[in-house]
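The structure under discussion appears below in the form of structure tokens.
Readers should treat all values here as calculations from the given coordinates under stated rules, not as data from a laboratory. Small disclaimer: the values here were computed from a predicted structure and weren't measured. Cβ sites come from the backbone with ideal geometry, for glycine too, and all protein chains shown count toward neighbours.
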């Protein structure tokens, strides 16, 4: 029996999925084309496609997205009412919004491809099956490496592996909650501080696209050094906190998967080579390189998973692409809207802020460089308690410093400080996206993950950043 829809009844969101999917592809494609060509008309088309996505997805959006879109609209009214050149401010905000939407969609292609890779699955299982003495370092460092291709998807991939592995090894062991705490804490901290050095992390790419004079290679060097330091600090904190913990019996340890690790390393190296190649060929930034490399990497990786150059391998890629476009892409519309709105708000709010006057009132020019940079991370960390997105704050801070007539310090070091604030907020704020993802995947309350399990580590990390920036700036 065929059912008919009553007059005036809402159309089910699934019926709009193909159109939404096509528009999301258009946003990513047009943003790439705009960056390739520099054509204003193509950029305008990308904005229109983004707005069409928003209109057609309104029934899919949660309270968070509605709040962010409403805040974007309110800021737009303020810009028009108060700014002498509102068009320039709004154009900059739209550019940031469409860039972030395209960025998360293109990186999502890597996530969708990585999760069907046997090598990634084997490497992930290996990380979760280490003996207690090296488990923290394996999960902390391994999570950060997997995040280069997986980004935040590494969380939803590894958390179930951790919990399933613990239950399988000793279902009724009373120490299992402690094992879960130690492993998930190591994972969270590894992902949080990977943003300071990962070539594909949101924070560096966003800030680098906003602030002139940022040296990305130098920034990666700073970030990796601090990441290594805090991995050691976290390992020591874990050992001291659980020094009375004495596991009974032997737990199964997985041999190092040489083949899978080699294939994953080669995959990562190939992706980074593509990023550098596109940036060099078009004389553009690493941001552009990442955007351009994602679709090429996706197609090549899918072909490799299907057995290329074996006959018929390319034919097998078609159904997987259709699944990604028809099912997985529309499912990412909420996070795409969230990031786009966060970017819009951050850029528009910065446009409303008299940067030079605020900098003068704060005495940034007279403040020692090392002190100003060391104060940025705890400031962003505390602001994150207001449920403001770290993405929003990174855009705001990058735009704020970019507006100043003169940088109050080295641009690369300021940008690095902003990424450190993002990292701190991810182990401190119960509202951080990665914390909410872990909480949903594991059933562990967000406040337990942050204030309960990582508050001490966060305070230590924030304190250590003061001597770090003192050394980076030479004490100036």
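May I ask you to work out the translational diffusion coefficient for the range 339-476 at 20 °C, viscosity 1.002 mPa s, via Stokes-Einstein with Rh from the Kirkwood sum over Cα pairs, reported in whole µm²/s?
Rounded, D is 137 µm²/s.
Give me the distance in nm between label points sitting 7 Å out from Cα along the Cα-to-Cβ direction at residue 407 and residue 270, one decimal.
The answer from the label model is 3.6 nm.
Normalise the Cα radius of gyration of the range 17-111 by 2.2 N^0.38 Å (N = residues in it) and let me know the number.
The range 17-111 yields a ratio of 1.13.
When the Cα atoms of the range 147-234 are enclosed in a convex hull and the volume is divided per residue, what value in Å³ results?
91 Å³
Sort 236, 464, 380, 30 so the one with the fewest other Cβ atoms within 10 Å of its own Cβ comes first.
The most exposed by this proxy come first: 236, 464, 30, 380.
Using a Förster radius of 35 Å, what is the FRET efficiency between residue 322 and residue 255 based on their Cβ-Cβ separation? Nearest 0.05, please.
So the FRET efficiency works out to roughly 0.40.
How long are the three semi-axes of the equivalent ellipsoid of the range 107-151, in whole Å, if each is the root of 5 times an eigenvalue of the C-alpha gyration tensor, listed from largest down?
22, 11, 5
Show me the three semi-axes of the equivalent ellipsoid for the range 254-386, from the C-alpha gyration tensor (sqrt of 5 times each eigenvalue), largest first, rounded to whole Å.
Those come to 42, 21, 17 Å.
Could you estimate the translational diffusion coefficient of the range 72-154 from the Stokes-Einstein equation, with Rh from the Kirkwood formula over C-alpha pairs, at 20 °C and 1.002 mPa s, in whole µm²/s?
Reported coefficient: 134 µm²/s.
Give me the mean projected area, in nm² to one decimal, of the convex hull enclosing the Cα positions of the range 359-416.
Over all viewing directions, the range 359-416 projects a mean Cα-hull area of 3.9 nm².
For the chain, state the semi-axes of the equivalent ellipsoid (square roots of 5 times the eigenvalues of the alpha-carbon gyration tensor), sorted largest first and rounded to whole angstrom.
Taking √(5λ) for each eigenvalue gives 34, 31, 22 Å, largest first.
Considering the alpha-carbon set of the range 208-300 alone, what are its Rg and its Dmax in angstrom?
Final numbers for Rg and Dmax: 19.8, 58 Å.
Using a Förster distance of 35 angstrom, determine the FRET efficiency expected from the C-beta separation of residue 83 and residue 233, and round it to 0.05.
Efficiency, from the Cβ-Cβ distance: 0.20.
In deg cm²/dmol, rounded to 500, what helix-only [θ] at 222 nm does the chain give when every DSSP H run of at least 4 residues adds -39500 (n - 2.57) and the total is split over its residues?
-24500 deg cm²/dmol
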